[in-house]
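Okay, structure first, notes after.
The values are calculated or read from the model by the stated rules, or taken from the named source; none is laboratory data. It should be emphasised that the depicted structure is a prediction, and the values quoted were computed from it without experimental measurement. We work out accessible area using only protein heavy atoms, side chains counted, and drop any ligands, DNA or RNA first. Shrake-Rupley method; radii C 1.70, N 1.55, O 1.52, S 1.80 Å.
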Amino acid sequence: MLVAVLKGGSSLERQVSLRSAARVEDALASLGHEVVAIDADSDLVRSLKELRPDVAFIALHGPGGEDGTPQELLEILGIPYTGPRVAACIRCMDKVLAKHLLREAGIPTPDWVAFNSTAFRELGAADALEEIEARLRFPLVVKPAAQGSSLGVRFAASRDDIPEALVSALSYDDRVLLERHIAGRELAVSVLDGEPLPVVEARPKEEDRFNYEARYEIGRTEYVCPAEVSDDVAAAARDAATRTYETLGCTGFARVDLMLDTEGRPEVLEANAIPGLTDTSLFPMAADAAGIEFEALVARIIDLALEERGVAGPSRT
Ligand SMILES: Nc1ncnc2c1ncn2[C@@H]1O[C@H](COP(=O)(O)OP(=O)(O)O)[C@@H](O)[C@H]1O
Ligand SMILES: [Mg+2]
């Protein structure tokens with residue numbers, strides 16, 4: 001098959017994307033496919049129209065990559081693509097929308113409030129901070145509604161930390177969330193075709209505990225897979241992740257990030273429509289723990305993209 005690997009793009013996660021793509025390209029070549037890597041820029045549509053690949057492997061992360069944008073273009077061109085489809089990508093990328101859908105579905109997610117910059121600039125949202133504090137309590141987490149890789153995520157221990165945290169989050173997106181902080185272990189559950197893979201635990205270095213961005217540097221966080229949690233906790237985390245995947249309408253694959261609260265109950269933070277596929281990423285790590293090597297994982301993801309097209313029929317074009 002002729003497979004186009006979409007990579008790069010202009011998001012802040014461009015470097016992660018290039019690393020994901022390099023690994024995917026190697027795997028596809030070993031599987032015997034003809035691989036053409038396309039850096040997602042203003043020539044993307046023209047390149048795809050010329051190439052007419054059998055399938056596109058989307059190895060893009062962040063806004064402009066996993067928010068439904070390239071997915072929509074591929075729908076228009078009638079080219080099958082990997083990962084969730086447009087609507088699911090939109091739901092995953094928007095943490096506020098995703099959390100509303102999770103809450104409606106009865107899936108635990110930390111309590112939160114969300115605003116856009118207009119609420120602060122024109123409607124005096126800052127005057128509601130007292131009520132917000134009373135409801136969410138300190139510490140809390142401030143983060144942009146649409147971003148990844150912990151960019152713009154800040155921990156606020158007291159009211160004094162709020163302004164700077166808001167400014168930071170608002171520099172990434174026009175909308176921000178203030179979310180109740182869950183002091184507990186961090187888990188991630190990857191879901192492949194609706195089935196949860198083994199749970200991964202992220203164990204950041206103590207000095208990075210509240211420095212979420214720093215942890216993304218390779219080697220600063222230790223990952224344990226399968227996570228050393230009881231069978232009950234693992235089952236609850238996998239169940240919450242699978243329900244999240246379904247609720248957000250994901251297909252193909254996705255990764256769900258969770259926190260374990262002090263009672264050992266998993267709370268869902270977010271779902272990633274295109275999780276990282278680098279050699280240090282959690283999704284390939286979880287697949288490996290389930291006995292699925294990277295090449296087999298890539299082959300499966302391609303198969304799912306083609307099956308999905310078969311099922312969807314003409315509505316895809
Ligand atoms: N409510 C929260 N309580 C505790 N830690 C949080 C909370 N929200 C985010 N974090 C920390 O910040 C990291 C990034 O947050 P997340 O919501 O997954 O956004 P993204 O990965 O898209 O940047 C999480 O992995 C976790 O370590
Ligand atoms: Mg995350």
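Candidate cross-link partners of Lys95 among the lysines, defined by an alpha-carbon separation under 17 Å and a same-chain spacing of 8 or more, comprise Lys143. Out of all Cα-Cα pairs in segment 201-294, roughly what percent, to the nearest whole number, are more than 16 Å apart? Pairs farther apart than 16 Å: 61 percent. To put it simply, the accessible area of the chain at a 1.4 Å probe is 49 percent carbon and sulfur. Between Glu179, Glu66, Glu75, the residue with the greatest mean-square fluctuation in the GNM of the chain (Cα pairs under 10 Å linked by springs) is Glu75.
A Gaussian network model of the chain, with springs between Cα atoms under 10 Å, assigns the largest mean-square fluctuation among Gln15, Gln71, Gln147 to Gln15. Beta bridges from DSSP with both residues in the chain: antiparallel share about 75 percent, rounded to the nearest 5.
With one equal scatterer per alpha carbon and no solvent term, the Debye-computed log10 I(q)/I(0) for the chain at 0.09, 0.13, 0.15 1/Å reads -0.45, -0.93, -1.22.
With protein chains left intact and a 1.4 Å probe, residues in the chain average 44 Å² of accessible area per residue. Here segment 117-246 is treated as a Stokes sphere of Kirkwood radius computed over C-alpha pairs; at 20 °C and 1.002 mPa s its diffusion coefficient rounds to 130 µm²/s. Across Arg91, Arg220, Arg121, mean-square fluctuation computed from a Gaussian network of the chain (C-alpha pairs under 10 Å connected) peaks at Arg121.
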